[in-house]
Structures are given as C-alpha cells and as structure tokens.
Amino acid sequence: MRILVTGGAGFIGSAVIRHIINDTEYSVINVDKLTYAGNLENLKEVEKSPRYSFEKVDICDAENIKRIFRDYEPDVVMHLAAESHVDRSIDEPMEFINTNVIGTFNLLEQFRRYYESISVDKRRKLRFHHISTDEVYGDLPHPDDDPDALFSLFTEETSYSPSSPYSASKASSDHLVRAWGRTYGIPIVITNCSNNYGPFHFPEKLIPLIILNALEGKQLPVYGKGNQIRDWLHVEDHARALVKVAMEGRTGETYNIGGHNEKENLEVVSTICDILDELVPKNSSYKELIAHVEDRPGHDMRYAIDSTKIKSDLGWMPEETFESGIRKTVQWYLDNQEWCKRVQDGSYQKERLGSAHSG
Ligand code: NAD
C-alpha cells in the first residue's frame, strides 16, 4: 500500500507520516512545498526508511502532481497541505485561496485523471482522503450566553458557516471534494477535526507559543477575555484516526474527529503555567506573565465536536486525555529546545533540501 501524503512536513502531516512508518507496513510519498510551516526536521526519525520518499512540490503545480501520480501510482491520497493559521489568513488571505482552494482543485483534477487511467481492479482500492477542520461549521453558542449551550455539538450534519478567510477556504475545499466525488464518481472521504496540540507544533499557535514565551519570560498573550472554547485533541490521536479513516472509512462519508476536551483558552494557558511552575519553578508563578490583548476580529466563541460516528463505526478512541497530553507536550518542548531554537531563529529553513529527493 502506497500512501501519498500532502503537507507531510507540517505539524499534523509529520505525525501521520511518523505513525505510518513506525506502526504500519505502508509506504509514504510526502509531497510538500516547504512553506514556513514545513519542517523536514519533524521527520528525522523516519527519513531514512526505504518506505519514505519526499517530493518538494507545490500542490498547485499541475505538471509535477501529474508526474507524481504517474511515477508512484499511490493507492491512497491523504490531503493535508494547507495554509493553516487563522491570524495569517486575516492579514494575507491570498495564499489561503491559492493553496487551500486552487491547490485542492488541482489535486482533485490530477487524481481524477489518474483514477480514470488505472485498471478497474486498482480503482477499487483507491481513495482520496481530504483532511479538514471543525472551523468550517462556524461557532456554537457559549455557556456564558446560554446555560444549555454545552449540549450543542458539531455533527457531520451541521451546516457550514465559516467565519474567517482560513475556515472559508477550507469549507470551499470540502465542497470541491464532495462535488468531485458526486460528479466524477471518484472515491472520496472527508474528516473534520477539532484543535490539535502536541510535539512539533509551530510556535505561532497558542499552546507552543505560551510554553516558549513563558520559558523566555515573555508576555503570554490571551485574546480578549480568554473565554473562547476549543475542543483539544492530541496530534497522535488525530494521526491514528486519520489512517483508520483512510483505510477503513466508507467512501463518500464524512467523519468528525474530536477529543471531547472543551477548554476555555485562559484555562489552557493557566494549566501550562501550573505545569511549568512544577517542572521549571522560578520565584513567581508563570501566570503573572498573562496579558489580555485585543481580540481577533470575527473570533469564534466555541467549537465542540461530536465524534460518535468515528467511534461507533470505526472503533477509534483517543488515547490521551487533555491532562496527560498537555503534560507530555510541555515536557516535549522542554526536551527539544534545539528544535525550538532552530524554528525560532529560522535556521530550519536555511539548511533544508532545495530540491526533490527520494528516501
Ligand atoms: P501546518 O501549517 O503545520 O502544515 C501545513 C503543511 O502544508 C506544511 O508542511 C506546508 O509546507 C505544506 N504546504 C502549504 N502549502 C502548500 C502547497 N501549496 N503545496 C504543498 N505543500 C504545502 O498545518 P497542520 O496544522 O499540520 O494542518 C494540516 C491540515 O490539517 C490542514 O489541512 C488543516 O486545515 C487541517 N487541520 C488542522 C488542525 C490543527 O489544529 N492544526 C485541526 C483540524 C484540521
């Protein structure tokens, strides 16, 4: 089984590739443009495997994507490549439209041509798995405004109502994937997941930013009151769910993935401070560094996922609770200061491979 993973040098894509190489017999072709978010150092532990190959290619590049389908003849595509940071999408939306919408369109078109060119027997196994976010659903009522709010969750039937340029571009890509499945009959499956955290997370995102700022004695910025609720899932639980859906999910279906760990942002920041107070004590608590800053425009107040379907249909369960996962994550950042330093000073970008290579 050969799996083509797009965006495999990113946070979640690299966890998927580490899981595939370490825990399965499958081979991986990692197709990644290596934007600022792509870091081949996330894949150090698997890059020497004969089952791992890398292609530095933009998913918008039709000719090279066509060549990759022809040369590698993958059985499954797991499409993770995306621009993924909401704040960047507000400041510079163009790249989000290019990669998330046009790039997904291009990948679908090349996949469709590849699908039509192969034998009926090989087609039966083929699958295009599109990896998306719960942010496409917009936001849910917040318990501060409605005491019954905690009963409402995103299901696979929730209508789309994206709020940010990022979530609108991901919603567009979900619609394209479903349309290509229905119109051209290509075998698609979609997953929508809640917020991930864990090792190798780029430090522009809340959890690594807070850990690294705290260690450097810098401000811990919290948007507005910090009462926005996110449903946190450890990235390795997400990676296991994704491979399960890619292999066992029903064609044409959507699966929501979440950890049922609803936390206010301020609670997440306080928990990290408590763990650091214990592991790296100093004279005063890290909580003194918390600073409330102006809220993000259009900020969604609450996300929460109902993941009953993937649990009952495919038997997936998360292994980490938020308490165990966040402790391991803080410890990972403490143990991997060199990775952090190279990301923060940009040296991971200067020394990486400039051209395609196969492992
Ligand atoms: P990330 O930003 O860490 O990684 C994205 C990867 O895609 C990078 O390696 C980057 O180099 C690559 N990439 C970007 N543009 C590309 C292009 N044009 N061609 C080829 N490669 C390109 O993102 P992530 O957090 O790992 O998210 C991966 C996927 O999962 C995204 O589709 C995202 O929408 C989705 N998702 C993320 C979360 C989360 O909490 N991070 C939650 C749910 C869903």
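For segment 30-81 and segment 126-162, what is the separation of their C-alpha centers, rounded to whole Å?
30 Å
Treat each spin label as a single point 7 Å out from the Cα along the C-beta direction, and report the Glu338 to Asp61 distance in nm.
Result for the modelled spin labels: 3.0 nm.
Restricting to the chain, what percent of DSSP beta bridges are antiparallel, rounded to 5?
Details: 5 of 42 bridges.
If we restrict to bridges inside the chain, about 10 percent are antiparallel.
In debye to the nearest 20, how big a dipole does segment 229-307 give about its Cα centre with +1 on each Lys and Arg Cβ and -1 on each Asp and Glu Cβ? Could the numbers behind the result be given before it?
On the way: 9 positive and 16 negative charges, 43 e Å.
Dipole magnitude for segment 229-307 comes out near 200 debye.
Evaluate the relative contact order of segment 189-323 (contact order divided by residue number), counting alpha-carbon pairs under 8 angstrom at least 6 apart; express in whole percent.
Values: 210 pairs, mean separation 50.5, N = 135.
Relative contact order, segment 189-323: 37 percent.
With each run of n ≥ 4 DSSP H residues scored as -39500 (n - 2.57), what mean residue ellipticity at 222 nm is computed for the chain after dividing by its residue count and rounding to the nearest 500 deg cm²/dmol? All intermediate terms of the calculation are to be shown ahead of the outcome.
Details: 13 runs with 142 residues, N = 359.
About -12000 deg cm²/dmol.
When the dipole is taken about the Cα centre of segment 160-270, and only Lys, Arg (+1) and Asp, Glu (-1) are charged at their Cβ, what size is it in debye, to the nearest 20?
On the way: 11 positive and 11 negative charges, 57 e Å.
Roughly 280 debye, rounded to the nearest 20.
Please turn the phi angles of segment 238-253 into ³J(HN,Hα) values with the Karplus equation 6.51 cos²θ - 1.76 cosθ + 1.60 (θ = phi - 60°), one per residue in order, whole Hz, x for glycine and proline.
Along segment 238-253, the couplings run 5, 4, 5, 5, 5, 5, 4, 5, 4, 8, 10, x, 7, 4, x, 8 Hz.
So what are the radius of gyration and Dmax for the Cα set of segment 1-141, in Å?
15.3, 49
Choose one of Val46, Pro143, Tyr197: the residue whose Cα lies farthest towards the positive end of the charge dipole of the chain (beta-carbon charges +1 Lys, Arg; -1 Asp, Glu; about the Cα centre).
Checking the options against the dipole of the chain, the answer is Val46.
Would you work out the relative contact order for the chain, in percent, from Cα pairs under 8 angstrom that are 6 or more residues apart?
On the way: 669 pairs, mean separation 70.5, N = 359.
Relative CO of the chain lands at 20 percent.
Which of Val222, Ile290, Thr133 sits farthest toward the positive end of the charge dipole of the chain, with +1 on the Cβ of Lys and Arg and -1 on the Cβ of Asp and Glu?
The residue sitting farthest along the positive end of the dipole is Thr133.
Anything over 21 Å Cα to Cα? Flag those among Lys205/Lys309; Lys205/Lys263; Lys44/Lys244; Lys170/Lys225; Lys33/Lys66, in the order listed.
Over 21 Å Cα-Cα: Lys205/Lys309; Lys44/Lys244; Lys170/Lys225.
Please state, rounded to one decimal and in Å, the Kirkwood hydrodynamic radius that segment 87-127 gives when every pair of distinct Cα atoms enters the mean of 1/r.
Details: mean 1/r = 0.0831 Å⁻¹.
When all Cα pairs of segment 87-127 are included, the Kirkwood radius is 12.0 Å.
For the chain, state what percent of all Cα-Cα pairs lands in each successive 10 Å bin, counting from 0 Å until the bin that includes the largest distance.
5, 24, 35, 25, 9, 2, 0
Taken together, the values in this text are just the output of simple stated rules run on the coordinates, not laboratory data. Values in this document were obtained by computation on a predicted structure and should not be read as measured data. In this analysis, Cβ positions are derived from the backbone assuming ideal geometry, glycine residues included, and neighbour counts consider all displayed protein chains.
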